[in-house]
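A.B. asks: Structure incoming, see below.
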Amino acid sequence: MRLSGTRRVPVAVLAAVASCGLFLSTAYAQPTPAPPPVESGVEPGDPVPDNRPGEAFADPKIAELQRTASTVQRELGGLAQQIHVAEEELRRASDTLAAARVERERADAVVAGRQKEVDSYAAAMLNSVGGSPSDLRVLLAARNPRDFLDGAGFVDRIRSVLSGQLAGSVQRQRTASSAEGTARDAEAAAIGRKADLDKRTGDATNRAAAVSSELRGKLAEVNSAVIASQKSQQERNEKTAANWRAYVERLRANGIVPPPMIAMRDAARLPAGLVSLPGMAGPQPGAALATIAGGEQTLVLPAEIIKAVSTAMDTLGKPYVPGQGGGGPTAYSCDGLVRAVYEGAGIGLPGATGEQMAVLTPVPIGDAQPGDVVFLGPARYGVQGVGIVLDPRTMLTADARVAGVVVTDIPAGDAVLGMARPALAARPPAPVPQRTDDGPRWRCGGAVLPPRANGDVPRAWGGYPNGLIPMAALCGIGSAHALRCDAAQAYMALSQAFGGVFGRQLCITDSYRTFESQVRLYGQKPSLAAVPGTSNHGWGLAVDLCGGVQSFGTAEYGWLARNAPAFGWANPGWARPGQGREEPWHWEFMGG
């Protein structure tokens, strides 16, 4: 779907632009958000470590930030698991103590009851025989030997009954008291262990805060560097696009009408006015030369290729997305971009990089012309990237590391797996390099962390660590909130649809969460909040909502549960009722 109003902006102007209402329509009243909840924000279990290598990040300084953050993250992660275990032990010890206390109180009541029965029994006997029942009293009261024997047996039975009942009750009382004491000692030990872990966690959280403070300055430097890099990239994009438009205009001005690609596939039978383009193995099919004013020769490409490259130039600056939805028109993956622009020109292509390389007709690297495509590796990563060739050293691609569609250098060495020419007829699918590396999977120039579980999507993206993504690499959604650009666009569309039903847009309390804010939340409640550097908020792929959505059973929550998946958003399974960690306010972008 096409959504408007989301732009890539520097952090310095993000809030100002948002306040002008450019990110969200003001047609609906905006509810006042509540403070963000202290939450986990991530599925229970050990977090997937960000083990991407340094070259996967946008800058060496950013890779250094990740290493620093990971040190604290590992310590806190271990402590968080220990705290969870300690809290479970304390809960069980407290439950055991409570049960033991109940059993001891019941035993006390039984002993008291038995004692009362004994007292009543003894009083009755005193009244009936004129004193305490004994063998002497029985002898004196007996009229004959038979009475004496019966009376003596009766006295023994009384003694036995009284002794047995009271002794059993007292033993039960002693056993219950002992169990209560053992449970009390166990609870005290568990409290001690928990207190020790709390202290260690407090110390680690303080260290995390210190690291966060240190990172704040470094991140500000990196953010400034990213903004400067984006400005330089924008200038390069604009210059390249201008050069391309000048080339197309030069053809038009000289009366050259690019022929269809089918007419240029035989280099020996080219349309009138065109001559073959020399190649490494002879004349090249799918491209030609024409002579213009002054006797200069200029390159002539098929009409479909010129249209595809022109369309690609229009995508420069659009955001990068790593997976589904990468075919535009608002955001692209590298293979989604290639497929979109060539299909728009009438050249059908498969969707994935490896499939594209398998069917496109290869050309020697030295023969590459504008509009050809370059496939990227190295081979041990498989066919992980693709770009559109602009000249022997330059390509246009959706680059994961800089999170956008850019003009960039074609890498050197074994990173180039091959070149292909979409203007030529497709070939039967041929074998292509397959991934053999057991490290992180690479895609479009960036390393991708694995999903946490079935049904989840990979979280790490771009050349930045969790919570250390410069605001310049995100897209605003209003009220100083920001997300990854494709998530932001989908959120805005979802909010508009929600507003059409409820007369107000979605109420949001939290979105992208910096490493610093993750440290702060962790310090408030380490047993619940995500370990800093692991929250899905830190990837710009999660929001916390309010305005009714924060409670199960409301009309707002029910509407979102039914409709949000159509926009790529969901309340994840682990956060739903009955899963042990209910967070109705927490919604994640699954569309990427």
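The values are calculated or read from the model by the stated rules, or taken from the named source; none is laboratory data. All of these numbers come straight from a predicted model, not from anything done at the bench. In this analysis, Cβ positions are derived from the backbone assuming ideal geometry, glycine residues included, and neighbour counts consider all displayed protein chains. SASA here: full protein model, heavy atoms, side chains in, ligands and nucleic acids out. Shrake-Rupley method; radii C 1.70, N 1.55, O 1.52, S 1.80 Å.
A.B. asks: Of the residues Ala412, Ala425, Ala400, which is open to solvent by 40 Å² or more (accessible area, probe 1.4 Å) and either modelled with pLDDT under 95 or in the same structural domain as Leu494 (by the TED database) (or both)?
C.D. replies: Working: Ala425 fails: either modelled with pLDDT under 95 or in the same structural domain as Leu494 (by the TED database) (or both); Ala400 fails: open to solvent by 40 Å² or more (accessible area, probe 1.4 Å).
The unique qualifying residue is Ala412.
A.B. asks: Can I ask one more? Any residue at all in the range 527-539 that's closer than 26 Å to Tyr332 by Cα, open to solvent by 10 Å² or more (accessible area, probe 1.4 Å) and either aromatic (Phe, Trp, Tyr) or assigned to a helix (DSSP H, G or I) (or both)?
C.D. replies: Within the range 527-539 (the criterion being closer than 26 Å to Tyr332 by Cα, open to solvent by 10 Å² or more (accessible area, probe 1.4 Å) and either aromatic (Phe, Trp, Tyr) or assigned to a helix (DSSP H, G or I) (or both)), the answer is yes, since at least one residue qualifies.
A.B. asks: For the range 351-367, which positions are surrounded by 17 or more Cβ atoms within 10 Å (Cβ to Cβ) and either of a type in the set (D, E, K, R) or over 12 Å from Pro422 (Cβ atoms) (or both)?
C.D. replies: Thr353, Gly354, Ala358, Asp367 - these are the residues of the range 351-367 that are surrounded by 17 or more Cβ atoms within 10 Å (Cβ to Cβ) and either of a type in the set (D, E, K, R) or over 12 Å from Pro422 (Cβ atoms) (or both).
A.B. asks: Check off (1) closer than 27 Å to Leu474 by Cβ; (2) surrounded by fewer than 19 Cβ atoms within 10 Å (Cβ to Cβ); (3) touching a residue at least 40 places away in the same chain (Cβ under 8 Å) for Ala447 and give me the number that stays unchecked.
C.D. replies: It is condition (2) that Ala447 fails.
A.B. asks: While we're on this one: Looking at the range 561-573, which of the residues that are out of contact with any helix residue (DSSP H, G or I) (no Cβ under 7 Å at 6 or more places or on another chain) and hydrophobic (A, V, I, L, M, F, W, C) is nearest to Trp585 (Cα to Cα)? Don't jump to the end; show me each part of the working.
C.D. replies: Restricting attention to the range 561-573, the residues satisfying the condition of being out of contact with any helix residue (DSSP H, G or I) (no Cβ under 7 Å at 6 or more places or on another chain) are 561-562, 565-566, 572-573.
From what is left, the residues that are hydrophobic (A, V, I, L, M, F, W, C) are 561, 566.
Values: Ala561: 11, Ala566: 18 Å.
The residue in question is Ala561.
A.B. asks: OK, next. Quick check on Arg245: is it within 43 Å of the chain's Cα centre (by Cα), open to solvent by 40 Å² or more (accessible area, probe 1.4 Å) and more than 24 Å from Gly348 (Cβ to Cβ)?
C.D. replies: Details: within 43 Å of the chain's Cα centre (by Cα): yes; open to solvent by 40 Å² or more (accessible area, probe 1.4 Å): yes; more than 24 Å from Gly348 (Cβ to Cβ): yes.
Answer is yes for this residue.
A.B. asks: Scan the range 336-395 residue by residue and report those that are of a type in the set (D, E, K, R) and over 20 Å from Pro433 (Cβ atoms).
C.D. replies: Applying the first criterion (of a type in the set (D, E, K, R)) to the range 336-395 yields 339, 343, 355, 367, 372, 380, 391, 393.
Of everything in the range 336-395, those that are of a type in the set (D, E, K, R) and over 20 Å from Pro433 (Cβ atoms) turn out to be Glu343, Asp367, Asp391, Arg393.
A.B. asks: Counting residues that are more than 35 Å from the chain's Cα centre (by Cα), which strands (runs of 3 or more DSSP E) fully inside the range 263-381 reach at least 1? Full working, then the answer.
C.D. replies: Values: elements: 275-279, 282-291, 297-300, 373-376.
It comes to 275-279, 282-291, 297-300.
A.B. asks: Related question: Is it the case that some residue within the range 480-494 is under 21 Å from the mean Cα position of the chain (by Cα) and farther than 17 Å from Glu588 by Cα?
C.D. replies: Step one: list which residues in the range 480-494 are under 21 Å from the mean Cα position of the chain (by Cα), which gives 480-494.
The next check asks that each one be farther than 17 Å from Glu588 by Cα; those that pass are 480.
Yes, the range 480-494 contains at least one residue that is under 21 Å from the mean Cα position of the chain (by Cα) and farther than 17 Å from Glu588 by Cα.
A.B. asks: Of the residues Leu560, Leu521, which is under 30 Å from Gly202 (Cα atoms), open to solvent by less than 30 Å² (accessible area, probe 1.4 Å), of a type in the set (A, V, I, L, M, F, W, C) and not assigned by the TED database to the domain that holds Ser333? Even if it seems obvious, please write down each step before you answer.
C.D. replies: Values: Leu560 fails: under 30 Å from Gly202 (Cα atoms).
Residue meeting the stated conditions: Leu521.
A.B. asks: Mind checking whether some residue in the range 241-249 is under 24 Å from Pro392 (Cβ atoms) and not in a helix (DSSP H, G or I)? Steps first, please.
C.D. replies: Here is the first cut: in the range 241-249, the ones under 24 Å from Pro392 (Cβ atoms) are 241-249.
Next cut, not in a helix (DSSP H, G or I) only: none.
No, there is no match, as no residue in the range 241-249 is under 24 Å from Pro392 (Cβ atoms) and not in a helix (DSSP H, G or I).
A.B. asks: Right, something else. Applying the selection to the range 466-487, what residues are closer than 17 Å to Ala530 by Cα and modelled with pLDDT under 80? Even if it seems obvious, please write down each step before you answer.
C.D. replies: Taking the range 466-487 as the starting set, the residues that turn out to be closer than 17 Å to Ala530 by Cα are 466-468.
Of everything in the range 466-487, just one residue is closer than 17 Å to Ala530 by Cα and modelled with pLDDT under 80, namely Leu468.
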